[in-house]
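The values are calculated or read from the model by the stated rules, or taken from the named source; none is laboratory data. Every value quoted in this text rests on a predicted model; they were computed, and no experiment measured them. Ideal geometry is used to build each Cβ from the backbone, glycine not excepted, and the neighbour counts take in all protein chains shown. Only protein heavy atoms, including side chains, enter the accessible area calculation; ligands, DNA and RNA are left aside. Shrake-Rupley method; radii C 1.70, N 1.55, O 1.52, S 1.80 Å.
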Amino acid sequence: DLLLKKATKAIQEIPGIRLIGTASQKASVLAFTIDNIHPHDIGTIMDDDNVAIRAGHHCAQPVMTRYDVPATARASFSFYNTEDEVDRFIESVKKTQELLG
C-alpha cells in the first residue's frame, strides 16, 4: 500500500500521464497511459530499461472498449518491491516519455 501510494503520487506529477483505475480501495497495481505513446511501446522501452511492466488489455477488453481505452501499461507492486524500485519505475516512465513523446 505504501509503494502504491508513493508511485501514484509520483506518476501524477508527470504531465501527459493518465491513470486508469483510481479507486481508493484497490489492488496494488498502477495502470496508466502516456499521451501519444502506445502502451506496447511503453512496455518495450521500459523492458529495455530493465523495468518490468505489463501492457495490453489485462483481461478487461470489454470494459476498455466501453471506455475507449485501447490498452494500458501496468505496474504491480508487492511485498518484495522496494521504494528504490518505485523510484526506478518513475525514472523509467520519464525516460520513455522523453524518448517517444
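Averaging the sequence gap over all C-alpha pairs within less than 8 Å and six or more residues apart, then dividing by the number of residues, gives the chain a relative contact order of 33 percent. The helix-based estimate of mean residue ellipticity at 222 nm for the chain, built from -39,500 (n - 2.57) per DSSP H run of four or more residues and divided by its residue count, is -13500 deg cm²/dmol to the nearest 500. Residues Arg18, Arg88, Arg54, sorted by accessible area with the largest first, give Arg54, Arg18, Arg88 [1.4 Å probe; ligands and nucleic acids excluded]. Using a probe of 1.4 Å on the protein chains alone, the accessible area found for Lys5 is around 130 Å². For the peptides 55-62, 79-86, residues were scored by their other Cβ atoms within 10 Å and the scores averaged per peptide; the highest-first order is 55-62, 79-86. A probe of 1.4 angstrom, applied to the heavy atoms of all protein chains, finds Asp1 with accessible area near 120 square angstrom.
Phi-derived couplings, Karplus 6.51 cos²θ - 1.76 cosθ + 1.60 at θ = phi - 60°, listed residue by residue for the range 80-90: 8, 8, 10, 5, 4, 5, 5, 4, 5, 4, 4 Hz, with x used for Gly and Pro. Listed by chain and number, the aspartates and glutamates placed with their C-alpha closer than 15 angstrom to that of Lys5 are Glu13, Glu83, Asp84, Glu85, Asp87; residues fewer than eight positions away on the same chain are left out. Kirkwood radius and radius of gyration were both taken over the C-alpha atoms of the chain, and their ratio Rg/Rh is 0.93. Semi-axes of the equivalent ellipsoid for the range 46-101, computed as √(5λ) from the eigenvalues of its C-alpha gyration tensor and ordered from largest down, come to 24, 16, 8 Å.
Spatial offset of the range 71-101 relative to the range 10-26 amounts to 12 Å, using the alpha carbon center of each.
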